[in-house]
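This report refers to the structure that appears directly beneath it.
The values are calculated or read from the model by the stated rules, or taken from the named source; none is laboratory data. Everything quoted here is computed from the prediction, not taken from an experiment. Quick reminder, even Gly has a Cβ in these numbers, built from the backbone with ideal geometry, and neighbours come from all protein chains shown. Protein only, heavy atoms only, side chains kept; ligands, DNA and RNA dropped before computing areas. Shrake-Rupley method; radii C 1.70, N 1.55, O 1.52, S 1.80 Å.
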Amino acid sequence: MHNLIILIGYRGVGKTTVGRRLADTLGYDFCDTDKAIVQLKNKEITEIVQEEGWDRFRKLEKKILQSLGKLRQTVVATGGGAVLHQSEWENLRKEGIVFWLTADKNILLERIRRDSSTKGQRPSLTGADVMAETEQVLRLRAPLYASTAHHQIDTGRNDVEESVRKIQRLCVAAN
């Protein structure tokens with residue numbers, strides 16, 4: 001089994017939910033890069049973005065990504081924009097196995113609307129309404145997610161338990 005299992009994907013795709021369950025199943029530690037940034041700054045992501053801007057948030061995100069290679073027996077849920085730091089992913093892909101979690105746009109929109117943490121943890125990236133923003137950002141990031149991941153898992157078609165089982169099978173097969 002890989003020491004480092006990294007989950008990437010858009011907001012609301014289930015990286016934290018699947019990641020926590022996968023870590024529990026494997027007996028691994030769990031790291032959420034957005035939560036690591038919140039702890040580092042002692043501020044919610046929305047506050048960081050409002051006070052310091054997206055550029056500063058992305059620099060903090062890059063710093064967290066650079067530290068991941070040292071982790072062992074850890075499942076990592078990254079922020080949706082972590083793939084923007086392409087210079088970091090070459091090493092991370094060597095250190096671990098990367099899964100792109102996907103779901104249909106309508107499923108993502110419903111999850112984002114239902115998620116109570118959306119207000120503090122998911123500030124607008126573009127200023128557009130949620131649907132327009134999701135379409136725009138997915139169009140831009142999908143090629144990055146695809147080129148970064150070793151494997152893709154559809155969390156819209158698979159529940160949490162099935163997603164975890166699929167990831168486990170792919171990790172075993174990759175060894």
Q: Sort out which residues of segment 5-30 are within 24 Å of V130 (Cα to Cα) and part of a helix (DSSP H, G or I), and write them in order of number.
A: K15, T16, T17, V18
Q: For segment 133-159, name all the residues that are open to solvent by 50 Å² or more (accessible area, probe 1.4 Å) and closer than 12 Å to G14 by Cβ.
A: R157, D159
Q. Take the residues of segment 66-81 that are open to solvent by less than 10 Å² (accessible area, probe 1.4 Å) and at pLDDT 95 or above: which is farthest from A146 (Cα to Cα)?
A. T74
**Q.** Every residue from segment 45-55 that is open to solvent by 80 Å² or more (accessible area, probe 1.4 Å) and under 17 Å from the mean Cα position of the chain (by Cα)
**A.** none
